[in-house]
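Notes follow once the structure below has been shown.
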Amino acid sequence: MKTNYIKLLLGGCIICLFNTACYKDQGNYQYHEINNVDSITGIDKEYAILFKDTLRISPKLFATQDQGDTGRYTYRWEALVDGGSRVPGDESNVLIGSFRDLAYPVKLRPAGYDCYYRVKDKQTGVEWFHRFHFTVQSTVYQGWVALCDVKGAVRIDMVSRLGEQDRLIRDVMTFTNAGLPARQGAKQLVFEYSNAGRQFYLNTGNGLERFEGENFTWKSTYGIRYEMLAPVDAGFSVDLFYNSPLYLGVDYLIAGKQVFYRNQVMGGKAFGSPVNYVDDEKTPFNPARFVAGGYGSTSQHLLYDRDKRRFVVHDAMFGTKCSSLQDGKLFSYTTGKDLVYMVPTSYGGGDVFAIMKDDAGKYYTYCINVTRGGVKQSYYTEMTDAPELDKATVFAVSNQLGYVFYAVGGRLYEYDIFIHKATLMADFGTEKISVMKAPFFSSYGKEFYTNLTNSLVVGSYDAARPDTENGVIRVYSIPDRNDALKLTWSYQGLGKIVDLVYRER
């Protein structure tokens with residue numbers, strides 16, 4: 001009985017509370033509108049500003065009750081490094097202005113910033129905000145960087161992209177006061193985009209060394225011998241520096257008859273012992289000057305054994321040596337041919353294209369799919385109806401369509417491996433094509449970089465003109481059905497181009 005009494009008492013209390021909550025308020029209230037900022041205009045969605053220049057913005061506020069009283073508000077301009085540019089140590093929020101108009105001498109480091117303009121009514125406490133984005137750029141923030149040979153000396157030129165404008169900086173290392181000594185014998189330029197940082201690697205007759213990718217500065221301790229676990233002499237020469245474009249943080253060195261690698265994601269800051277050994281074989285193989293990483297975040301990379309004329313695979317996650325490959329239905333991985341060219345692509349979900357030449361002088365295309373699913377054979381064909389292929393000095397492969405491009409002097413051919421036919425796409429006359437690329441970018445997904453990845457980039461020079469200014473960069477979109485290439489961008493006046501990379505953001 002006592003329990004039932006308690007339940008009835010609690011139920012009555014709840015009913016009373018419910019009735020009280022539902023009781024109609026008979027009070028007499030007067031409602032009135034408060035000031036409201038209907039819109040904020042005069043602020044663009046995007047700004048590009050050079051470091052140390054002044055960002056100026058004069059917004060317009062449209063309010064319902066302020067009668068033009070600008071002193072009625074407080075103003076805050078706040079900047080936050082956007083997610084794609086953030087690094088450890090960045091402040092969470094930076095006040096860059098506290099007046100109605102913004103006149104900010106830019107001191108923030110070069111990066112992208114989300115910015116908020118906050119307007120607060122001091123009478124009501126109500127706040128409104130307007131969001132926009134701005135990018136702080138150095139003069140060398142983004143753009144094409146060309147390794148040039150000027151009378152045998154190394155010079156680095158840059159077509160710097162400032163907003164929608166392009167600016168040519170000849171001898172960018174002098175421009176930035178980098179401190180790089182004179183170098184001879186230009187070989188290779190690589191932009192290493194990895195989790196560990198953004199660096200350029202410069203390969204010349206004086207050796208391999210790096211310089212900073214942010215401000216193009218150099219130090220005497222940036223030589224490659226400072227990045228080797230085992231001591232090497234000052235004259236250590238590198239034939240190829242390979243930075244995996246699809247597996248960030250993995251680098252390979254081919255130096256003579258040795259192959260070194262490091263995996264910075266796994267904590268390998270330096271290059272360890274040579275890995276050009278296959279399975280349990282005791283003798284190292286002589287590597288061809290190519291490495292081709294796989295697609296889809298796989299750590300497997302193809303190399304080529306020149307002694308036994310075979311493809312081998314190295315796993316950058318665990319491999320202290322290479323592994324042989326079991327023959328497939330299309331071809332034997334022991335080809336009996338010489339490797340002419342090899343490159344990774346996104347075509348076919350991750351096909352590595354290899355151009356081979358047999359002892360009879362015939363050329364072949366091998367397509368090997370390298371993904372997380374392993375190493376598989378995709379396609380194999382002899383390259384027939386390909387004029388001047390035996391004279392080709394430069395190659396590239398379309399990521400989107402799988403066309404093979406090759407160049408002879410100033411003539412550019414597109415070879416369709418499926419219909420076995422080459423088409424002359426361009427003839428630059430006295431110019432010589434020195435480099436071609438269908439580049440990969442870590443920023444793939446952004447429209448600009450997606451378009452570049454699906455394009456063909458051609459660097460050339462005219463030997464009839466001074467090599468201080470005879471270089472040209474051209475970017476072509478690649479139509480299907482072997483239609484003519486379409487020029488989308490070009491720039492001339494660079495030095496004699498040896499290699500090309502893009503400093504991406």
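The values are calculated or read from the model by the stated rules, or taken from the named source; none is laboratory data. Every value quoted in this text rests on a predicted model; they were computed, and no experiment measured them. With ideal geometry, Cβ positions are generated from the backbone for all residues, glycine too; neighbour counts draw on all protein chains shown. The accessibility values were calculated without ligands, DNA or RNA, using every heavy atom of the protein model including side chains. Shrake-Rupley method; radii C 1.70, N 1.55, O 1.52, S 1.80 Å.
A few notes on this one:
- Loop-located GluC sites (Glu not before Pro) across region 160-263 with a Cβ neighbour count of 16 or fewer within 10 Å are 164, 214, with loop assigned by DSSP.
- Counting only chymotrypsin sites (Phe, Trp or Tyr not before Pro) that DSSP places in a loop and that have at most 12 other Cβ atoms within 10 Å, the longest clean stretch of the chain runs over 100-317.
- Considering every alpha-carbon pair of region 402-481, the percent of pairs per 5 Å bin, from zero through the bin containing the longest distance, is 3, 14, 22, 21, 17, 13, 7, 2, 0.
- Loop-located trypsin sites (Lys or Arg not before Pro) in region 221-263 (DSSP state not H, G, I, E or B) with no more than 15 neighbouring Cβ atoms inside 10 Å: 257.
- Viscosity 1.567 mPa s, temperature 4 °C, Stokes-Einstein D of region 330-445 from Kirkwood C-alpha radius, µm²/s: 87
- Volume per residue that the Cα convex hull of region 63-129 spans, once the total is divided by residue count, Å³: 98
- Extension gain from residue 95 to residue 39, taking 0.36 nm per residue of separation minus the Cα-Cα distance: 17.9 nm
- For residue 118 and residue 451, the FRET efficiency from 1/(1 + (r/R0)^6), where r spans their Cβ atoms and R0 equals 45 Å, is about 0.80.
- Linear extension gain, residue 297 paired with residue 151, 0.36 nm per residue minus alpha-carbon span: 48.4 nm
- By a 1.4 Å probe calculation restricted to protein chains, residue 246 has an accessible surface near 40 Å², given to the nearest 10.
- Each label was represented as a point 7 Å from its Cα along the Cα-to-Cβ direction; for residue 388 and residue 490 these points are 1.7 nm apart.
- In order through region 35-41: 3J(HN,Hα) via Karplus (6.51 cos²θ - 1.76 cosθ + 1.60), integer Hz, x for Gly, Pro: 4, 9, 7, 5, 7, 10, 10
- Degrees between helix 2-22 axis and first principal axis of the chain (Cα, 0 to 90, nearest 10): 90
- Each residue, residue 215 and residue 234, gets one label point 7 Å from its Cα in the Cβ direction; the gap between the two is 2.8 nm.
- Taking other residues whose beta carbon is less than 10 angstrom from the beta carbon of residue 227, and scoring Lys, Arg as +1 and Asp, Glu as -1, yields +2.
- Whole-Hz couplings from phi, Karplus 6.51/-1.76/1.60, listed for region 268-279; x for Gly and Pro: x, 7, 10, 7, x, 6, x, 10, 7, 10, 10, 6
- Computed from phi, the 3J(HN,Hα) profile of region 153-166 under the Karplus parametrisation 6.51, -1.76, 1.60 (θ = phi - 60°) reads 8, 7, 9, 10, 10, 9, 9, 7, 9, 10, x, 9, 9, 10 Hz, with x in place of Gly and Pro.
- Protein accessible area in region 228-386, 1.4 Å probe - carbon and sulfur %: 49
- 11 Å beta-carbon shell around residue 36, net charge (K/R +1, D/E -1): -4
- For region 366-505, the fraction of alpha-carbon pairs lying more than 25 Å apart is 31 percent, rounded to a whole number.
- A viscosity of 1.306 mPa s and a temperature of 10 °C, combined with the Kirkwood radius over Cα pairs in Stokes-Einstein, give a translational diffusion coefficient for region 348-405 of 127 µm²/s.
- Across all Cα pairs in the chain, the calculated P(r) in 20 Å bins from zero up to the longest distance comes to 19, 44, 21, 11, 5, 0 percent per bin.
- Those trypsin sites (Lys or Arg not before Pro) in region 311-399 that DSSP places in a loop and that have at most 10 other beta carbons within 10 Å: 329
- Remark: the residue 326-residue 421 segment gains 31.1 nm on full extension, using 0.36 nm per residue and subtracting the alpha carbon distance.
- Solvent exposure of the chain as accessible area per residue, Å², 1.4 Å probe: 49
- Estimated D of region 215-374 in µm² per second, where Rh is the Kirkwood radius over Cα pairs and Stokes-Einstein applies at 37 °C, 0.692 mPa s: 200
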